1. Can you tell me how many residues in segment 177-223 are part of a helix (DSSP H, G or I) and closer than 25 Å to residue 75 by Cα?
2. Under the condition of being of a type in the set (Val, Ile, Thr) and either assigned by TED's automatic domain parsing to the domain that holds residue 186 or out of contact with any Leu (no Cβ under 8 Å at 6 or more places or on another chain) (or both), which residue from segment 78-112 is nearest to residue 13 (Cα to Cα)?
3. Limited to segment 155-170, what total is found for residues that are surrounded by fewer than 23 Cβ atoms within 10 Å (Cβ to Cβ) and more than 14 Å from the chain's Cα centre (by Cα)?
4. Within segment 193-221, how many residues are touching a residue at least 12 places away in the same chain (Cβ under 8 Å), closer than 13 Å to residue 159 by Cβ and of a type outside the set (S, T, N, Q)?
5. If a residue has to be in a strand (DSSP E or B) and either under 19 Å from residue 19 (Cβ atoms) or aliphatic (A, V, I, L, M) (or both) to count, how many in segment 87-104 make the cut?
Amino acid sequence: MTLKLKSPPAIARPAAANLLLAALAPDDLTLISAQLESVTLTVREVLYEPGVAIEHIYFPTTGCVSMIHGTPDGSVEVGTIGMEGFVGVPILLRAESEPTRALVQVLGEGYRISANAFMQVVSESKHMERIFLRYAMALFNQVAQSVACNRLHSLEERCARWLLITHDRVDGDEFKLTQEFLSYMLGVHRPAVTLAAGILQEAGLIRYSRGNIVVLNRPGLEGASCSCYQATRDDYAKLAS
């Protein structure tokens with residue numbers, strides 16, 4: 001598998017459009033595909049709630065799902081999942097739930113499998129289990145990177161990073177990303193989101209209006225981002241090795 005986070009536009013994508021599924025051996029892909037059902041991931045759809053048993057595992061082929069952690073003082077995104085992975089890692093780790101909410105932030109498509117069926121097929125293939133566990137580690141590293149990023153880097157750098165992460169997981173250069181989601185992603189209030197996005201827009205890197213974002217200068221946006229973006233991207237690329 002060559003990890004290339006941009007996917008070509010398509011009307012209907014096979015399961016292997018998810019890069020993690022594409023990394024499986026042919027027999028393993030056939031094994032799990034028999035249990036998959038195609039789904040549309042709609043914006044604001046909750047795939048699982050904090051502390052509630054996870055019923056399905058989701059493998060996005062387009063779009064983005066946010067892991068949102070809530071506190072009495074507000075909510076913040078701690079991880080983003082797209083075509084490079086799957087939603088529902090706690091099931092792989094023999095847990096029934098986790099304290100975050102899985103929320104679709106960008107419209108997409110994908111496949112899902114029941115938690116019970118997922119564990120059954122994983123138990124039949126050590127290679128599949130190894131691939132999925134390596135992804136779980138990469139996701140854990142992404143969460144840790146996000147914590148460090150929020151502490152050490154400027155708001156504009158972090159905004160550029162999250163826009164790049166989202167851009168990697170959608171078709172084309174235009175996507176919907178509301179101020180609410182950007183505030184989750186950056187861990188700030190909405191006025192700060194407007195300020196950060198405005199700086200990137202004034203620099204000619206994006207166009208942002210009423211939750212609609214157009215990436216105008218991808219190399220420039222990468223230059224405006226902190227090093228955390230490339231570090232996370234490199235970590236997922238290791239899944240291919």
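1. 19
2. Step by step, filter segment 78-112, then rank; the result is 80.
3. 3
4. 12
5. 4
Quick grid of which residues meet (1) part of a loop (DSSP other than H, G, I, E, B); (2) surrounded by 24 or more Cβ atoms within 10 Å (Cβ to Cβ); (3) in contact with a strand residue (DSSP E or B) (Cβ under 8 Å, 6 or more places away or on another chain); (4) at pLDDT below 95:
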{"position": "39", "(1), (2), (3), (4)": "no, no, yes, no"}
{"position": "43", "(1), (2), (3), (4)": "yes, no, yes, yes"}
{"position": "53", "(1), (2), (3), (4)": "yes, no, no, no"}
{"position": "57", "(1), (2), (3), (4)": "no, yes, yes, no"}
{"position": "62", "(1), (2), (3), (4)": "yes, no, yes, yes"}
{"position": "70", "(1), (2), (3), (4)": "no, no, yes, yes"}
{"position": "75", "(1), (2), (3), (4)": "no, no, yes, yes"}
{"position": "78", "(1), (2), (3), (4)": "no, no, yes, yes"}
{"position": "83", "(1), (2), (3), (4)": "yes, yes, yes, yes"}
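The values are calculated or read from the model by the stated rules, or taken from the named source; none is laboratory data. Remember, it's a predicted structure, so these values are computed and weren't measured experimentally. Every residue, glycine as well, gets a Cβ built from its backbone with ideal geometry; the counts of neighbours run over all protein chains shown.
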